[in-house]
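The values are calculated or read from the model by the stated rules, or taken from the named source; none is laboratory data. None of the values given here were measured: they were computed from a predicted structure. Cβ sites come from the backbone with ideal geometry, for glycine too, and all protein chains shown count toward neighbours. Protein only, heavy atoms only, side chains kept; ligands, DNA and RNA dropped before computing areas. Shrake-Rupley method; radii C 1.70, N 1.55, O 1.52, S 1.80 Å.
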Amino acid sequence: DIAYHHDKFERGFHKLIDVWGADHHGYIVRVKGALAALDHKPDNFIVALVQFATLYRGGEKISMSTRGGEFVTLRELRREVGVDAARFFYAQRKPDQHLEFDLDLAKSQSNDNPVYYVQYAHARVCSVFRQAAERNIDTSDLDGVDMGLLVEESEKDLASELSRFPELVAASAQKMEPHHIVYYLREVANRLHAYYNAHNVLGAAEDLRAARLLLLDATRQVIANGLEVLGVSAPESM
């Protein structure tokens, strides 16, 4: 470890971020001390400690033992639940929190599955625009629409929530806590679903329809951007 990190600094890297298991916490001080002895700044070596993950299938814990050589590899996990679910489930917990990974939930197509719930919000907006095209409603140019027509509290709340996205991503990156993005996407998806179920978008008057379509499209874009940051796909249909 010492030789590896020394080599990284010598090759011009200014900040090193490692992800270690929580049981290796005792080595942080040792490596920092060694790097300081090699004339590197120890504060530029950062370690994010992660807790163990427990897998469940059929409501029962899957037995694993590193000493006994019994374990499920991340590759096997990805193969079973898919890359999207694996990344989303891992990202939704703080690194220092224990993760209970429900394999059945990760594979389910229900609102209880957080990644499905968020992806469905994106696909739902895409479906609205497909329906608009089928009705010959022009959505090619929504710039300049009167957003002042959006007077419902749910519309204002959704727009306000969308405005938080850039600041939230910056804070998550600075703190190395991607779970904030997961929580945010779930909240945006929740507000989108509630809004869609309560308001008529395509059947509204032309000017109001245009404003609501722009709000939906902005929501779709923010969800797509957030999923991209997490390395999760944003399907247009589900």
All-but-one check, Lys94 against (1) at pLDDT 90 or above; (2) open to solvent by 40 Å² or more (accessible area, probe 1.4 Å); (3) not in a strand (DSSP E or B), failing number (1)
Residues within the range 50-73 that are open to solvent by 100 Å² or more (accessible area, probe 1.4 Å), at pLDDT below 85 and either closer than 25 Å to Leu230 by Cα or in contact with a helix residue (DSSP H, G or I) (Cβ under 6 Å, 6 or more places away or on another chain) (or both), tallied: 1
Can you tell me how many residues in the range 7-21 are in a helix (DSSP H, G or I) and closer than 14 Å to Ile46 by Cα? 2
Within the range 114-131, which residues are of a type outside the set (Phe, Trp, Tyr), surrounded by fewer than 21 Cβ atoms within 10 Å (Cβ to Cβ) and more than 14 Å from Glu236 (Cβ to Cβ)? Pro114
Just the residues that are without any contact (Cβ under 8 Å) to a residue 12 or more places away in the chain and open to solvent by less than 80 Å² (accessible area, probe 1.4 Å), please, taken from the range 132-147. Ala133
Only residues in the range 59-70 that are closer than 25 Å to Lys107 by Cβ and of a type outside the set (A, V, I, L, M, F, W, C) count as the first member; pair them with residues that are part of a strand (DSSP E or B) and at pLDDT 70 or above, Cβ under 7 angstrom, at least 6 apart or cross-chain, and list the lot. Lys61/Thr54; Ser63/Glu70
For Ala48, state whether it is part of a helix (DSSP H, G or I) and in contact with a strand residue (DSSP E or B) (Cβ under 9 Å, 6 or more places away or on another chain). no
Working carefully through the options Glu80, Glu10, find the one that is surrounded by fewer than 11 Cβ atoms within 10 Å (Cβ to Cβ) and of a type outside the set (Gly, Ala, Ser). Glu10
Name the single residue that is modelled with the lowest pLDDT among those in the range 16-49 being within 19 Å of Gln174 (Cβ to Cβ) and in contact with a helix residue (DSSP H, G or I) (Cβ under 7 Å, 6 or more places away or on another chain). Leu49
